[in-house]
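Colleague: Below is the structure I would like to discuss, written out as structure tokens.
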Amino acid sequence: MEKKQIDWANLGFGYIQTDKRYVSNYKDGAWDEGTLTDDATITLNECAGVLQYAQTIFEGLKAYSTEDGRVVAFRPDLNAARMAASAQRLEMPVFPEERFVDAVKQTVSANRAWVPPYGSGATLYLRPYMFGMNSVIGVKPATEYQFRLFTTPVGPYFKGGAKPLTIRVSDFDRAAPHGTGHIKAGLNYAMSLHAIVTAHAEGYDENMYLDAATRTKVEETGGANFLFITKDGKVVTPKSDSILPSITRRSLMYVAKEYLGLEAEEREVTLEEVKDFAECGLCGTAAVISPVGKIVNHGEEICLPSGMEKMGPITQKLYDTLTGIQMGHIPAPEGWIMEI
């Protein structure tokens with residue numbers, strides 16, 4: 001299939017409508033068989049559950065072109081499982097995990113011409129999501145839902161290299177103990193918008209959220225997990241019941257241990273010990289790892305030894321290894337790469 005004529009190298013991280021998207025509806029206690037459609041428009045009643053009570057969840061993953069010409073997706077089974085957990089927490093029907101993976105295959109196959117070519121730095125971003133459809137005026141779950149999955153080609157997250165970020169310790173709380181911080185619900189991201197807009201206005205790239213109960217432990221940013229490197233080369237990531245279980249972070253921790261032979265642990269990380277780390281990164285689907293060079297806590301600057309010019313050496317190794325697995329340069333663990 002001939003690729004679309006797009007300036008792949010200059011794509012940003014934005015929405016471009018592609019040819020097909022997958023849609024399945026839930027009504028009377030069951031999902032229909034689902035279908036691909038050309039129609040990118042959603043029509044909703046003014047009282048739809050998603051509009052009144054934010055009953056919506058989503059996922060994010062990518063499809064890539066490999067050097068040998070294949071099109072692959074990275075660990076979609078974990079996205080399926082995480083979406084199932086999100087649905088259960090918000091009293092939504094679970095979209096079957098095997099059907100989620102099949103929807104990924106169908107939608108990417110139908111939009112194969114939109115998958116950026118190998119070497120362009122661009123990828124095909126996939127956004128599966130689900131929301132309450134029927135009218136709900138009392139505070140209760142909807143009874144009808146729609147699952148959709150669309151794709152959009154996106155450019156490399158970093159243009160001109162991954163420059164380390166400057167972030168601040170936020171005065172806002174991202175999630176309450178026993179709340180919804182561990183699921184990918186739209187409402188979690190809505191509450192972070194004011195915090196990120198004010199951070200940008202003050203000259204920061206992102207927020208570091210602390211635990212809401214004690215405000216002494218590092219949790220995550222608005223859309224990524226933290227990864228720290230100790231001065232003796234150990235990889236550490238914060239452990240908390242109120243942070244999202246990032247698929248990228250879990251993959252990087254496996255890569256650290258099994259590919260690079262590093263010690264890697266998930267544990268509570270206090271704000272007080274951040275000054276003692278050698279490197280810091282934010283990990284997620286969009287960039288894999290975004291290096292952090294400086295963290296500001298109400299005027300106190302914590303400057304990571306890795307500096308403000310480039311990724312630290314171990315962060316770079318982690319990034320190179322995981323992207324090498326995704327692009328097919330490095331053999332992947334069994335089940336990580338799904339060919340489409």
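Colleague: In a Debye calculation with equal point scatterers on the alpha-carbon sites of segment 265-328 and no solvent, what is log10 I(q)/I(0) at q = 0.17 Å⁻¹?
Modeller: -0.66
Colleague: Next up: Note down the magnitude of the dipole of the chain about its Cα centre, charges +1 on Lys and Arg C-beta and -1 on Asp and Glu C-beta and zero elsewhere, to the nearest 20 debye. Display every interim value, and only then the final one.
Modeller: Values: 34 positive and 43 negative charges, 74 e Å.
Its charge dipole is roughly 360 debye.
Colleague: Moving on to the next point. Check which residues have an amide H placed less than 5 Å from residue 61's amide H, if you skip close sequence neighbours.
Modeller: Amide H to amide H, under 5 Å and 5 or more residues apart or across chains, residue 61 pairs with 126.
Colleague: Then there's this: Could you work out the helix-only [θ] at 222 nm for the chain, with each DSSP H run of four or more residues adding -39,500 (n - 2.57) and the total divided by the number of residues, to the nearest 500 deg cm²/dmol?
Modeller: Values: 7 runs with 74 residues, N = 340.
Helix-only estimate at 222 nm: -6500 deg cm²/dmol.
Colleague: Let me ask another. Output the relative contact order of segment 62-174, whole-number percent, from Cα pairs under 8 angstrom with separation of 6+ residues.
Modeller: Numbers: 139 pairs, mean separation 27.7, N = 113.
This gives 25 percent for segment 62-174.
Colleague: If you don't mind, there's one more thing I want to ask. Which Cα, out of 116, 76, 142, lies furthest along the positive dipole direction of segment 73-187 (beta carbon charges, K/R +1, D/E -1)?
Modeller: The residue sitting most towards the positive pole is 116.
Colleague: Using the 2.2 N^0.38 Å rule of thumb for compact globular proteins, work out how segment 200-245 stacks up: its C-alpha Rg over that value, please.
Modeller: Details: Rg = 12.1 Å, N = 46, 2.2 N^0.38 = 9.4 Å.
Expressed relative to 2.2 N^0.38 Å, the Cα Rg reads 1.29.
Colleague: Sticking with this one: Build a GNM of the chain with springs between Cα atoms under 10 Å: which of 27, 184, 163 gets the top mean-square fluctuation?
Modeller: 27
Colleague: Only Cα pairs under 8 Å and at least 6 apart count here; give the relative contact order of segment 1-73 as a rounded whole percent. Mind dumping the intermediate values first?
Modeller: Working: 41 pairs, mean separation 11.7, N = 73.
Averaging sequence separation for qualifying contacts and normalising by length gives 16 percent for segment 1-73.
Colleague: Among all the aspartates and glutamates, which ones have a C-alpha under 13 Å from residue 257's C-alpha, if same-chain residues fewer than 8 places away are not counted?
Modeller: List returned: 265, 266.
Colleague: Would segment 129-189 count as rounded, prolate or oblate if I go by the C-alpha gyration tensor, calling it rounded below 1.5 in a/c and otherwise prolate when a/b exceeds b/c, oblate otherwise? All intermediate terms of the calculation are to be shown ahead of the outcome.
Modeller: Working: a/c = 4.04, a/b = 1.47, b/c = 2.75.
Because a/c hits 1.5 or more and a/b fails to exceed b/c, segment 129-189 counts as oblate.
Colleague: Give me the Kirkwood hydrodynamic radius of segment 211-313 in Å, from all C-alpha pairs, to one decimal place?
Modeller: Values: mean 1/r = 0.0720 Å⁻¹.
Evaluated on segment 211-313, it is 13.9 Å.
Colleague: Any idea what the dipole of segment 148-188 comes to, in debye rounded to 20, about its Cα centre with Lys/Arg Cβ at +1 and Asp/Glu Cβ at -1? Don't jump to the answer; show the numbers that get you there.
Modeller: On the way: 6 positive and 2 negative charges, 44 e Å.
Computed charge dipole of segment 148-188: roughly 220 debye.
Colleague: Dividing the alpha-carbon Rg of segment 29-185 by 2.2 N^0.38 Å yields what? Intermediate values should be presented prior to the final figure.
Modeller: Working: Rg = 17.9 Å, N = 157, 2.2 N^0.38 = 15.0 Å.
For segment 29-185, the normalised Cα radius of gyration comes out at 1.19.
Colleague: Please give the contour-minus-distance gain from residue 44 to residue 101: 0.36 nm per residue of separation, less the Cα-Cα distance, rounded to one decimal in nm.
Modeller: Details: separation 57, 0.36 × 57 = 20.52 nm, distance 2.64 nm.
So the extension gain works out to 17.9 nm.
Colleague: Between residue 16 and residue 36, what is the label-point separation in nm under the 7 Å Cα-to-beta-carbon projection?
Modeller: With each label point 7 Å from Cα toward Cβ, the separation is 1.9 nm.
Colleague: Which of the residue pairs 27/105; 163/184; 62/140; 3/105; 239/317 have a Cα-Cα distance greater than 29 Å in the structure shown? Could the numbers behind the result be given before it?
Modeller: Working: 27/105 24 Å; 163/184 27 Å; 62/140 34 Å; 3/105 18 Å; 239/317 23 Å.
Checking Cα-Cα distances, 62/140 exceed 29 Å.
Colleague: Let me ask another. Pairs of alpha-carbon atoms within less than 8 angstrom and 6+ residues apart define the contacts here; what relative contact order does the chain have, in percent?
Modeller: Working: 744 pairs, mean separation 64.1, N = 340.
In percent, rounded to a whole number, it is 19.
Colleague: Which order, highest average first, do 48-57, 300-309 follow once you tally other Cβ atoms within 10 Å for each residue and take the mean per peptide? The partial results should precede the final answer.
Modeller: Working: 48-57: 20.4, 300-309: 14.6.
Result, highest mean Cβ count within 10 Å first: 48-57, 300-309.
Computed from the coordinates by the stated procedures, all read-outs in this text should not be read as laboratory data. Everything numeric in this text was worked out from a predicted model, so none of it was measured. Cβ sites come from the backbone with ideal geometry, for glycine too, and all protein chains shown count toward neighbours.
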